[in-house]
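First comes the structure, then the notes that go with it.
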Ligand code: HEM
Ligand SMILES: [Cu+2]
């Protein structure tokens, strides 16, 4: 009891709020710029090519697509996540960062990296899409910039570990508060996961873009990339889960159903998210089938904590709905605070995520993957996951977080609520059309409006993609407007500024078994599984490296 009562007492200092706020500012600007290209792509599909008017600023569909993927999937997410983890660490542990300067160094490193990568991106010298597969070759500043963004996020992560360590010393035997635990676990997972692209960039792409070597090995590079690429999706998702498990129940007027189940799910995500990367390489000729099969099976292992999450989050929401007077099989759903834009954003994010999960299991299935691989189905899938489950949840979080760090009130909460619904409607139309197009064989990463081979059967779906994209554009602009007006609005009375929502667990967190709050065994287990699942293949691919693909500058 005293722990949760205390927790409400310490507010972030002005400096701490500003520090979190800077992360959010970069994140939201990235989302606003990056998201402008999505609708352009979607409109292009039905023949409305607006890129011609952007020339010479944006020189091609692919330059726009690269900016879209990098700014949305890499920049918006990473900056938001690190900022949010800063807040959950400080607020959860109820103490300042132990080494705030270290965290500042990390943040500045991230910003320097972003600016460095922005130059070639804007100059059309890094039009290599956000997966930067060689032999596509970008200017070195792009690779170095990305590396700095990642290294900066590592440094911020060290700041969180040191803070947790200091807290543990002062609180022996106490369970770490869930929101701090979840954010820090995610940073640990990220540090393991990003070893893949760190090695890829330092040993292959940078030497090649500097001209020290003149060819590369695309197969090995892809293996490194997907070592990072799959856990990347859990890096995006876990902060949304921190909110769904640890905050949303409070916002909905209830409690977390089970602190133990929440932590168990997080640990399983840590252990299983890295050793599954070959499920992105089912069609790669250089990876033996047996390894693809092993990673496919492990991928199904990730479905288990996802089901745990669905169960625990829905149970927490049901508890809240019934406490609010909802009755019957579905009455509790209606009783949830649907007028609250932050809650509704996260509920709608969760609903669309169920469908994203279904298409994800389809992707993971070896034989079905052969049908959908590299088709429009895939972006259809991940606009339900990263672009909705994650993005719409982050938007929902920002509806209280931006007011909290700026000391303002949310500008026009009703507009925010409408924005969230517009996103939902636009995304239902857009993603459904993309999935269908994929099943009909439409390729991804293709300006379909120009493709000479489009059969009539695709036209209706291409049009639906454009309509969904246009609706999403309206939503993005509404979101940017709400955020801007909130940030520049007048200071609010302190009692009108939202509090950080922290949900208590129905079974007190202190009763969670100690092994669910101990990093060591889980980190060791993760390392062992990663070595088993990747070691032999990496050994073979590295020892048989053949640098025979010369760079292609798009
Ligand atoms: C504003 C609404 C959005 C629309 C209308 C939209 C539309 C699209 C379309 C049509 C494509 C496929 C282009 C192609 O394959 O040729 C695409 C790709 C992509 N989108 Fe979005 N998008 C939106 C928002 C987002 C958000 C919020 C994220 C992530 C947070 C995101 C991440 C991506 C990624 C990673 C790709 C793949 C890029 C690639 O293939 O290299 N999108 N988007
Ligand atoms: Cu994956």
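We did not get these values from a lab; they are worked out from the coordinates using the rules stated. Please read these numbers as outputs of a predicted model, since none were measured by experiment. Because the Cβ atoms are built from the backbone with ideal geometry, glycine has one as well, and the counts that use them run over all protein chains shown.
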Quick check: Cα centre of the range 436-461 to Cα centre of the range 488-554, how many Å? 36
By per-residue mean of other Cβ atoms within 10 Å, what is the highest-first order of 396-404, 536-544? 396-404, 536-544
Counting other beta carbons within 10 Å of each residue's own, what order do 232, 392 fall into, fewest first? 232, 392
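Using the beta-carbon distance between residue 52 and residue 168 and R0 = 56 Å, what value does 1/(1 + (r/R0)^6) give for FRET efficiency, to the nearest 0.05?
Between residue 52 and residue 168 the formula returns 0.45.
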Roughly speaking, what is the centre-to-centre gap between the range 104-121 and the range 323-359 when only Cα atoms are used, to the nearest Å? 38
Most exposed to least, judged by fewest other Cβ atoms within 10 Å, 214, 340 sort to 214, 340
Between the Cα axis of helix 259-273 and the main Cα principal axis of the chain, the angle (0 to 90°, nearest 10) is 20
Peptides ranked, highest mean first, by Cβ atoms within 10 Å: ranges 239-245, 509-515, 221-227: 239-245, 221-227, 509-515
Provide 408, 520, 18 in ascending order of the number of other Cβ atoms located within 10 Å of each residue's Cβ, fewest first. 520, 18, 408
Where does the chain land at 222 nm, in deg cm²/dmol rounded to the nearest 500, when only DSSP H runs of n ≥ 4 count, each adding -39500 (n - 2.57), divided by all residues? -23000 deg cm²/dmol
Value of relative contact order over the chain, rounded to a whole percent, pairs C-alpha under 8 Å and six or more apart: 20
Which whole-angstrom value gives the distance between the alpha carbon centres of the range 246-273 and the range 157-198? 16
Would you mind checking the tilt of helix 14-45 against the longest principal axis of the Cα atoms of the chain, expressed as 0 to 90 degrees and rounded to 10? 40
Fully extended, how many nm does the chain gain between residue 499 and residue 290 (0.36 nm per residue separation, minus their Cα-Cα distance)? 70.1 nm
Stretchable slack from residue 544 to residue 327, in nm (0.36 nm times residue separation minus alpha-carbon distance): 71.8 nm
Taking the Cα atoms only, what angle lies between the long axis of helix 391-406 and the longest principal axis of the chain, rounded to 10 degrees? 50
Pop out the Kirkwood hydrodynamic radius of the range 205-313 from its pairwise C-alpha distances, inverse of mean 1/r, in Å to one decimal. 16.0
Along principal axes, largest first, the alpha-carbon spread of the chain in whole Å comes out as 64, 49, 44
